[in-house]
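Here is the structure we will look at, set down as structure tokens.
The values are calculated or read from the model by the stated rules, or taken from the named source; none is laboratory data. Please read these numbers as outputs of a predicted model, since none were measured by experiment. For neighbour counting, all protein chains shown are included, and Cβ atoms are generated from backbone atoms with ideal geometry for every residue, glycine included.
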């Protein structure tokens, strides 16, 4: 191959192989025994002209290339088809097509990771293994007709317990389209811990077929945050009728804001986002309309977490410039330069609504707390306490052993086949149109 000649096997069995040059008039041939690789006869001279000068080589197929570059691809999964082509040209002097290099790389990754079809069939065994590690882990596998995969839902018991005991009743929903062989969609539900960081709560994998969704009706006091897609709006309205469904500010800002940072429109938008009262929110929205009416359409060493500590420090510093008038032992009037608010210490409320919503004392509350010589940490909600934050991650998700040690699938359980979806022709698109926010 390195010299540029092609060969074809003329005889091949369990113990012997004979190969000749592809040019019938050329005497080059080799005869060998496979078990010992004992070359019995070798006519080393070619009398034919070297026929390989263009792109490709009959004997340099995807399987041969995969075996040759296996170590490089396993060591570096970012080993691109272009790098495969360069290596084959350098080692064997053969120019291969980009698509053959792609197929060879995919063969290696499939050998290491497994194929899509086999992964779907392993789901029942994987579910049994997860349940054996934690009985509270929530799992659900749904099929289409004829045993094809439809949906898979899972939530680890450790995360469920952490959300119920230590996190605010706030859930964020989001999803992304998958670009693999069988497409589909991955949905996630996340909550927020005491340090204002994301804690993944549940996942759902579904095929690419749009159909009726399952209803798991629940009535609980929650706030759902999402990008307000129509199907999400319907799902939340049906299954969480008592929950407040809010816009995700990140998605809203990427859809509405095309102005650079620190412009009047940008500042007014985020001022409205951070408003704690309806009147303050409406005030900023009206000012946004005035900017450009044509574009507007009605359309951890501390008692508390670092996130809460930072807010408390800022409130403590600002409260030094406020004055107050006590009404009772727990009811106070706090006077600032531009507004006057009422603080009820025992109820942990303030008329500015910031303390009520955030669960962390606002500037006005800090004025009262300092006046009463009380510890501000006593007035922070338990969600932001260091003890609660640590307890959130005390539990663990049990690790699983290799799939060869998973329990056998019972005879009465059907192993799912891949989703029954039509695979689009042509090269799969793995990139998406980026949001404008990624450039800001």
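Using the structure shown, decide if residue 132 is touching a helix residue (DSSP H, G or I) at 6+ places or on another chain (Cβ under 9 Å) and in a helix (DSSP H, G or I). Judged against the criteria, residue 132 is not a match. Is it fair to say residue 83 is in a helix (DSSP H, G or I) and closer than 30 Å to residue 193 by Cα? Spelling it out, it is not the case that residue 83 is in a helix (DSSP H, G or I) and closer than 30 Å to residue 193 by Cα.
Rundown of residues vs (1) under 18 Å from residue 397 (Cβ atoms); (2) modelled with pLDDT under 80; (3) surrounded by 13 or more Cβ atoms within 10 Å (Cβ to Cβ); (4) not assigned by TED's automatic domain parsing to the domain that holds residue 358, yes/no style:
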{"site": "180", "(1), (2), (3), (4)": "no, yes, no, yes"}
{"site": "185", "(1), (2), (3), (4)": "no, no, yes, yes"}
{"site": "191", "(1), (2), (3), (4)": "yes, no, yes, yes"}
{"site": "194", "(1), (2), (3), (4)": "no, no, yes, yes"}
{"site": "199", "(1), (2), (3), (4)": "yes, no, yes, yes"}
{"site": "204", "(1), (2), (3), (4)": "yes, no, yes, yes"}
{"site": "208", "(1), (2), (3), (4)": "no, yes, yes, yes"}
{"site": "212", "(1), (2), (3), (4)": "no, yes, no, yes"}
{"site": "216", "(1), (2), (3), (4)": "no, yes, no, yes"}
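Those residues that are outside any helix (DSSP H, G or I) and exposed (fewer than 14 other Cβ atoms within 10 Å of the Cβ), I need them from segment 94-114; list them, please. So that I can check it myself, show each step before the final result.
At the first step, the residues of segment 94-114 found to be outside any helix (DSSP H, G or I) are 94-97, 114.
Of everything in segment 94-114, those that are outside any helix (DSSP H, G or I) and exposed (fewer than 14 other Cβ atoms within 10 Å of the Cβ) turn out to be 97, 114.
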